[in-house]
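Written out below as structure tokens is the structure these notes cover.
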Amino acid sequence: MAQTSTKVIGVTGGTGCGQTTVANLFGELGAKVIHADEIGHRILENDPSVRKELVAAFGKSILNRDGSINRKQLGELVFKDQTKLHKLNAIVHPRMIAEVVEEMEEARQSGKYPLIVIDAALIYELSLEHMFDAIVVVTSRLKDRIRRLRDRDGLSEREIMKRIQSQIPVQEKTRWADYVIRNNGTLEDLRHHVEGVYRKILGIGKPTRRRRSVSSKN
């Protein structure tokens, strides 16, 4: 797909599997990392047209007192109703995808990066496979996913399961993946797995890491 030698890969999985940690570990190795979720949050916070559409679709109960979107309230509303979730996705995702593509093209044209990594939970749900030279699926045990989401987002187990069930099962995604990384050990174990995939994708020897702090709770 790429017009230059820079490869573009997608990193995906199920919520709570640790895909953002994996994406950041690719970043330690020199990759440019683009987090789709961060772009989505930025759109919710900064795009008045999106805010207007969301209020029209879901009512003013999703707003904070200052008029900003209350993401927790919005999440509670849509993850218990698939129709509302699809409506939210129809409003936010086209804008999010456009911004991801824009950042991806800027990074590719810069020529600075050996690899561009798109961290996106819904690659398969949105049929975006064509955007990537390869896709990495991150898996993890259900109990670990629940623990991460409880610790990170303060969700109840019922809320967590609603979010997990709103996505394609991870087991299915692994059948379509080019690479599978199993996040069931320590952060060092995960780093080792990521380095191995990085070398395979780029066909190189052991890479030089750019060390920085990476949290495994995502």
Close pairs (9 angstrom Cβ cut-off, 6 or more residues apart or separate chains): farther than 16 Å from HIS41 by Cα in region 68-83, in a loop (DSSP other than H, G, I, E, B) and of a type outside the set (Asp, Glu) anywhere: LEU77/GLY59; PHE79/SER166; GLN82/SER166
Sole residue being surrounded by 15 or more Cβ atoms within 10 Å (Cβ to Cβ) and in a strand (DSSP E or B), chosen from ILE118, ILE164: ILE118
Matching helices (runs of 4 or more DSSP H) fully within region 13-63 where at least 3 residues are in contact with a Leu (Cβ under 8 Å, 6 or more places away or on another chain) and under 30 Å from GLY111 (Cα atoms): 19-28
Region 1-12: number of residues that are among the small types (Gly, Ala, Ser) and at pLDDT below 95: 2
Test for GLU53: is it farther than 21 Å from ARG95 by Cβ, touching a residue at least 12 places away in the same chain (Cβ under 8 Å), acidic (Asp, Glu) and surrounded by fewer than 18 Cβ atoms within 10 Å (Cβ to Cβ): no
Any chance VAL214 is surrounded by 12 or more Cβ atoms within 10 Å (Cβ to Cβ), outside any loop (DSSP other than H, G, I, E, B) and either in contact with a Leu (Cβ under 9 Å, 6 or more places away or on another chain) or at pLDDT 95 or above (or both): no
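The values are calculated or read from the model by the stated rules, or taken from the named source; none is laboratory data. These numbers come from a predicted model, not from an experiment. Positions of Cβ are generated from backbone atoms using ideal geometry, with glycine treated the same way; all protein chains shown enter the neighbour counts.
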